[in-house]
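Below is one structure, written out as structure tokens, with a few remarks after it.
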Amino acid sequence: MEKRVVFNGKLLPYLLLAPQLLITLVFFYWPAGQAVLQSFLVQDAFGLSTEFVWFENYQVLFSKPEYYKSMLTTAIFSSLVAFFSLSIALLLAVQADRHIKFASGYKTLLIWPYAVAPAVAGVLWLFMFQPSLGIVSQSMRVAGFEWNPLLRQDHAMMLVVMAATWKQISYNFLFFLAGLQAIPKSVIEAAAIDGARPARRFWTIIFPLLSPTTFFLLVVNIVYVFFDTFGIIDAATQGGPAKGTETMVYKVYSDGRSGGDLGGSAAQSVVLMVIVIALTAIQFRYVERKVQY
Amino acid sequence: MSDVRLQSVRKVYPGGVEAVKGVSLEIADGQFCVLVGPSGCGKSTLLRMVAGLETISGGTCSIGDREVNEVEPADRDIAMVFQNYALYPHMSVYDNMAYGLRNRGTPKDEIDRRVREAARILEVEPFLERRPRALSGGQRQRVAMGRAIVRKPKVFLFDEPLSNLDAKLRIQMRVEIKKLQRALATTSIYVTHDQLEAMTLADQLVVMNKGQVEQAGAPITLYERPITIFVAGFIGAPPMNLLDLPVTGLPGLALASPPSGPVTLGIRPEHLELSAEAGSLSLDLTVTAVEAVGAESYIYGALGGQGPEIIVRIPGRDLPAIGTSLRAIARPENLHFFSRETGLRLN
């Protein structure tokens, strides 16, 4: 017996899909296509003449050592943020999953940072760590530690990593908590009776059963660090000092917008796009195999 | 010695709900004890307290000669079979069974020997490399049992292990659990709400209600001499006929020696027989429904034409027509009298 409702019209499915497809086309594929097109063009500073140059923009890009440096910066920045935001969120979720007092209040507070806009988050951290006035910098100076993200690259990197991590923890926490609560309680109890101490229980039972969530979050976090941390970097360090925190997405902005090199900036966007697509594809292909669903 | 002793064990949840209200039990070494009762009677909570999965609010629980109130589940030397099996979904059947032994640092060849032996006993050898997901309900149940027996614990705990299986498999597994327990002679506590499962498995049957033990003893004792109305109504299928007798008597009911005060009279369907004569108890019934189940049949009749419903079991399939009047009698030794106030047995 056919239980599904079947529509015979050919038009209706397209009609129903149209709004979503339209949004995707207009806001994702069109700009992406524009970027690819732009990357083959060279424009003069006033936009009066445009020349089609094939891959010249890319050749120039890959001949510059500072582009490789921004790649390295991005690699350091994204691995630090992904590692810290995932592990801290997991730690917090494991704690929240226990029966603690005021659990719901604790959870609500943990979710708040996600509602803060990236630029605002950047400013918040900037103020706290501002070398001469910031409350954290002052207390660190009292403790004998000279903190100066305006002059030192490693301090600046620490600052943006902290801000970006802080911002992403809420999101990861929510998913980890949901993932933990989906693990049947009796499985954990069985492991406890089977003689596994809490730490061993975590690594042999909980962590493997959580791997679909971890995998999903890894993909989302990588994409987050590559693109959505722009606001934080812009507000906190503007890629400085001496380009020490200039990630690839920030370089796209500074070269294109401030430097006026639209073609080179577009070429960088395309490279960035290819990298993220490749990373996601690799993750789905290799990591997913080991994931326990 | 691995007997289990509970002394006035209580469980009070935060918020004041008292799930277990002072239970004392002695389960001898090697005995199969079944806790049975309606849902919410505290039987699972009691089992989980023995396992160490729930804290004990009052009283003591001892396994062997050791009080285990404050001992971690892992250190109580027990194994538990869960209702939903609780197998580790990301491990093979082999690893599921080996997990507990590995946690205890058992040598590899010893683990292998024990797992293979358990797999052979439970007939899961062909599935050792499979994940639990690829097994049927009955096979998963066997693996869960295997995980319990490889550890050779002092006590087996079963939390409604058969309730997720279909009727046929349930009976088959019931027999196997009994055989296995006999062969291993391991002290066992088994929780169920199925009174037939309870009757067939138990050495000691414990009927629980509202957080308390109503009666504990050999299954046949509980069947023959239930000491409370609750046990009388809970044990036996179809259930015992229970009649509230006012001092004035009931129309259609005749007792050779009526009790002095108001009581509840109990008589099992199988102790009633059809007769034209008067017995020490005579019930005049109008047949309202009949059921033939094969070797025996049940007659449902209204006492005195419109009174309470009485069930009579008769052998064979020779059934009276609906609406017929007939008389059922019983022998004096099969009558149960209970106090209407306390619910306790009087005779």
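On the stretch given as the stretch A:62-97, residues that are free of Cβ contacts under 8 Å to residues at least 40 places away in the same chain and hydroxyl-bearing (Ser, Thr, Tyr) total 4. Any residue at all in the stretch A:194-209 that is within 14 Å of chain B (Cβ to nearest Cβ), of a type in the set (A, V, I, L, M) and farther than 21 Å from residue B:133 by Cα? Within the stretch A:194-209, one or more residues are within 14 Å of chain B (Cβ to nearest Cβ), of a type in the set (A, V, I, L, M) and farther than 21 Å from residue B:133 by Cα. Taking first residues from the stretch A:114-143 that are under 24 Å from residue A:170 (Cα atoms) and partners that are surrounded by 14 or more Cβ atoms within 10 Å (Cβ to Cβ) and basic (Lys, Arg), the Cβ contacts under 7 Å between residues at least 6 apart in sequence or on separate chains come to A:116/A:167; A:118/A:167; A:121/A:167. Per the listing B:167, B:216, B:185, the residue uniquely assigned by TED's automatic domain parsing to the domain that holds residue B:146 and within 30 Å of residue B:332 (Cα to Cα) is B:216. The set of residues in the stretch B:99-124 that are of a type outside the set (Phe, Trp, Tyr), surrounded by 14 or more Cβ atoms within 10 Å (Cβ to Cβ) and over 18 Å from residue B:179 (Cβ atoms) comprises B:100, B:101, B:102, B:103, B:106, B:111, B:112, B:114, B:115, B:116. Of the numbered criteria (1) within 18 Å of residue A:31 (Cα to Cα); (2) modelled with pLDDT under 80, the one residue A:259 fails is (1). Scanning the stretch B:142-187 for residues that are within 14 Å of another protein chain (Cβ to nearest Cβ) and in a helix (DSSP H, G or I) gives B:143, B:144, B:145, B:146, B:147, B:148, B:149. For the stretch B:21-44, filtered to residues that are over 22 Å from residue B:154 (Cβ atoms) and hydrophobic (A, V, I, L, M, F, W, C), the residue that is surrounded by the most Cβ atoms within 10 Å (Cβ to Cβ) is B:36. Annotation note: of B:49, B:91, the sole residue that is within 14 Å of chain A (Cβ to nearest Cβ), surrounded by fewer than 22 Cβ atoms within 10 Å (Cβ to Cβ) and over 20 Å from residue B:163 (Cβ atoms) is B:91. Summed over the stretch A:158-192, the residues that are part of a helix (DSSP H, G or I) and either more than 20 Å from residue A:236 (Cα to Cα) or among the small types (Gly, Ala, Ser) (or both) give a count of 22. When the helices (runs of 4 or more DSSP H) confined to the stretch B:188-297 are screened for residues that are within 23 Å of the chain's Cα centre (by Cα) and free of Cβ contacts under 8 Å to residues at least 12 places away in the same chain, those reaching at least 3 such residues are found at B:219-224.
Looking at A:159, A:151, just one residue is over 18 Å from residue A:87 (Cβ atoms), surrounded by fewer than 15 Cβ atoms within 10 Å (Cβ to Cβ) and either touching a residue at least 60 places away in the same chain (Cβ under 8 Å) or out of contact with any Asp or Glu (no Cβ under 8 Å at 6 or more places or on another chain) (or both), and that residue is A:151. Looking at residue B:265, is it under 23 Å from residue B:221 (Cα atoms) and among the aliphatic types (A, V, I, L, M)? Criteria met by residue B:265.
The values are calculated or read from the model by the stated rules, or taken from the named source; none is laboratory data. Just so we're clear, the structure is a prediction, and the values are computed from it rather than from any experiment. For neighbour counting, all protein chains shown are included, and Cβ atoms are generated from backbone atoms with ideal geometry for every residue, glycine included.
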